[in-house]
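First the structure, in the form of structure tokens, and then the observations on it.
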Amino acid sequence: MYDTIIIGAGMSGLAAGIRLAHYDRSVCVLERHYTIGGLNSFYRLRGRDYDVGLHAVTNFTEKGTKRGPLARLLKQLRFRWDDFALSPQVGSSVNFPGVELKFNNDIDLLRAEIAQTFPGQVDNFERLLARLIEYDDLDQEAFEISTRQVLSETISDPLLIEMLLCPLMWYGNAREHDMDFGQFCIMFRSIFLEGFARPFNGVRLILKNLVRRYRELGGELKLRSGVASIRVEDGRATGVVLDNGEELEARNILSSAGRVETLRLCDDITEVKAQEAGNLSFAETVSILDREPRDLGHDRTIVFFNNSEQFHWENCTDDLVDVRTGVICSPNNFVYDPSDGKLPDGVIRITAIANHEAWMHLEEDKYQLAKLNWYDRITDAAIQHVPDYRRHVVDTDVFTPRTIRRFTWHDNGAVYGAPEKRLDGRTHLNNVFLCGTDQGFVGIIGAIVSGISMANQHCLRG
């Protein structure tokens, strides 16, 4: 009998496991995949290491900072700041036709950019900042307010509204077209008021430290151990049945599988509305270059682009990929410690919204051809915003919604989960709780904080 079984060895599940193991709770993390990390994982291909999911760690604050999600998780998990070895971004931008807003980890740069490009919106932007500073992460009412409505009441230039929404939706919004104001506040703070960073060795460093700490504290981790069902008796979960038929008992279950996916596992539920799961999935190209991007004139860490004045944030239904908007990221363009040296290759990654259903139904030969075709088309869209790097490409890879589904098992390959979040993590069972994207905190730091918060609130009571 375990005190807690955790479904999913992603960031939130591992963080919850560490928190519980600190208090000598018997914990077992179950992962269906052969490796850890969920979407934020890594793989090796043709002698090179590739990150999956990670563009940048948000919520970055400098060493010694006492407030904010990063400081809170370090304290709760008893890590040192240096254990994550985060290097800040060089600088990023939001690019719309004929207009660019640069930003970095100092909000004053964005202030200056808005003052120069949208001089009539300076006071309006300050009013928005004042409202954001007072926001409470666990304010459920804020998740019932339309961000577009709030912004239209605060900012009078439609283009500025679209440019502010673009990066925040791209990095943490499961809802099409609009955004819950609570999620907007979380993402605005994590990107504009705190900022981007990256470990020199990528996401594997964070995962390695989380697993090491978890195992040091006596936690069990079972890979290739998918959960087939959650056993329920008299309105309470008693344990899980694994894909291989093995049964494990537990007093509590904490799931990072997603709300719809978790409810489907419960053997007291006969029907789950799959449409309640999110619909937004992505395709991503990875280009390995024979030199660093900055040698070609590209020194931005991340470029969020949109090829019209109206930001298009919606499920792709007309084709395999929607290239009207996207994200361009270079892991080379962070301020790494000189002692780390340089990354072994130049890298440019481009992410675009993709059609999950269409990708899933392709036969294997057509799937491989589609990856080649869309590598070219996604690249064509991106080089409107970065120097043309194509003749310097020495290797490539593409991942699609099919890849995301394989790593996360999320319905529809939904990267940010369901639009309706459960901030308290509760389900219909009083000992089954959610953590991760469907609880409401997104990104690497958000996922870790989600695991900590739900473990504290529900599994360490009394």
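Checked against the criterion of being in contact with a Phe, Trp or Tyr (Cβ under 8 Å, 6 or more places away or on another chain) and in a loop (DSSP other than H, G, I, E, B), the stretch 247-255 has no qualifying residue. Here the condition is being under 26 Å from Y171 (Cα atoms) and among the β-branched types (V, I, T); of V27, V57, it holds for V57 alone. Applying the set (1) within 18 Å of F441 (Cα to Cα); (2) touching a helix residue (DSSP H, G or I) at 6+ places or on another chain (Cβ under 8 Å); (3) of a type outside the set (A, V, I, L, M) to F196 leaves exactly one unmet item: (2).
Residues checked against (1) of a type in the set (V, I, T); (2) over 28 Å from V232 (Cβ atoms); (3) at pLDDT 95 or above; (4) surrounded by fewer than 21 Cβ atoms within 10 Å (Cβ to Cβ):
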residue	(1), (2), (3), (4)
D388	no, yes, yes, yes
H392	no, yes, yes, yes
F399	no, yes, no, no
I404	yes, yes, no, no
D411	no, no, no, no
E420	no, no, no, yes
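Residue selection: R291 fails the criterion of being in the same structural domain as A56 (by TED's automatic domain parsing), surrounded by fewer than 15 Cβ atoms within 10 Å (Cβ to Cβ), touching a residue at least 24 places away in the same chain (Cβ under 8 Å) and assigned to a loop (DSSP other than H, G, I, E, B). Among the residues of the stretch 27-48, those that are out of contact with any helix residue (DSSP H, G or I) (no Cβ under 7 Å at 6 or more places or on another chain) and touching a residue at least 24 places away in the same chain (Cβ under 8 Å) comprise C28, L30, E31, R32, Y34, T35, L45, R46, R48. The residues in the stretch 337-379 that are in contact (Cβ under 8 Å) with a residue 40 or more places away in the chain and either in a strand (DSSP E or B) or under 17 Å from L289 (Cβ atoms) (or both) can be counted, and the count is 16.
Return yes or no: is F311 part of a strand (DSSP E or B), crowded, with 18+ Cβ neighbours inside 10 Å and touching a helix residue (DSSP H, G or I) at 6+ places or on another chain (Cβ under 7 Å)? When the stated conditions are applied, F311 does not pass them. Just so you know, in the stretch 148-166 the residues that are in contact with a helix residue (DSSP H, G or I) (Cβ under 6 Å, 6 or more places away or on another chain) and of a type outside the set (D, E) include one that is surrounded by the fewest Cβ atoms within 10 Å (Cβ to Cβ), and it is T154.
Against the condition closer than 19 Å to I404 by Cβ and outside any helix (DSSP H, G or I), how does I5 come out, does it pass? No, not satisfied.
Among the conditions (1) assigned to a strand (DSSP E or B); (2) at pLDDT 90 or above, Y43 misses just one, which is (2). Determine, yes or no, whether T262 is free of Cβ contacts under 8 Å to residues at least 12 places away in the same chain and among the polar types (S, T, N, Q). Judged against the criteria, T262 is not a match. Inside the stretch 162-213, residues that are assigned to a helix (DSSP H, G or I), aliphatic (A, V, I, L, M) and more than 15 Å from the chain's Cα centre (by Cα) make up a count of 7.
Of the numbered criteria (1) farther than 30 Å from L165 by Cα; (2) touching a strand residue (DSSP E or B) at 6+ places or on another chain (Cβ under 6 Å); (3) surrounded by 17 or more Cβ atoms within 10 Å (Cβ to Cβ), the one A56 fails is (1). Within the stretch 426-443, the residues that satisfy the criterion of being buried (at least 24 other Cβ atoms within 10 Å of the Cβ) and modelled with pLDDT of 90 or more are V432, F433, L434, C435, G436, D438, Q439.
If you go through the stretch 380-399 and pick out every residue that is more than 18 Å from G346 (Cα to Cα) and either touching a residue at least 60 places away in the same chain (Cβ under 8 Å) or outside any helix (DSSP H, G or I) (or both), you end up with 3. Looking at (1) surrounded by fewer than 20 Cβ atoms within 10 Å (Cβ to Cβ); (2) assigned by TED's automatic domain parsing to the domain that holds L128, find the lone condition where I114 falls short. That leaves (1) as the condition not met. Of the residues in the stretch 58-66, at least one is in contact with a Phe, Trp or Tyr (Cβ under 8 Å, 6 or more places away or on another chain), in the same structural domain as G218 (by TED's automatic domain parsing), at negative phi and not basic (K, R). Among the residues of the stretch 342-373, just one is of a type in the set (S, T, Y) and under 28 Å from P167 (Cα atoms), namely T351. Going by the structure shown, is G297 crowded, with 24+ Cβ neighbours inside 10 Å and either assigned by TED's automatic domain parsing to the domain that holds N373 or closer than 21 Å to Y416 by Cβ (or both)? It is false that G297 is crowded, with 24+ Cβ neighbours inside 10 Å and either assigned by TED's automatic domain parsing to the domain that holds N373 or closer than 21 Å to Y416 by Cβ (or both).
When each of F125, F118 is tested for being in contact with a helix residue (DSSP H, G or I) (Cβ under 8 Å, 6 or more places away or on another chain) and touching a residue at least 40 places away in the same chain (Cβ under 8 Å), the lone residue that passes is F118.
The set of residues from the stretch 78-118 being aliphatic (A, V, I, L, M), more than 20 Å from the chain's Cα centre (by Cα) and either in a helix (DSSP H, G or I) or under 19 Å from F188 (Cα atoms) (or both) comprises V90, L101, I107, L109, L110, A112, I114, A115.
The values are calculated or read from the model by the stated rules, or taken from the named source; none is laboratory data. Everything numeric here is computed off the predicted structure, so don't read it as measured data. Reconstructed Cβ throughout: ideal geometry from the backbone, glycine too, with neighbour counts over all protein chains shown.
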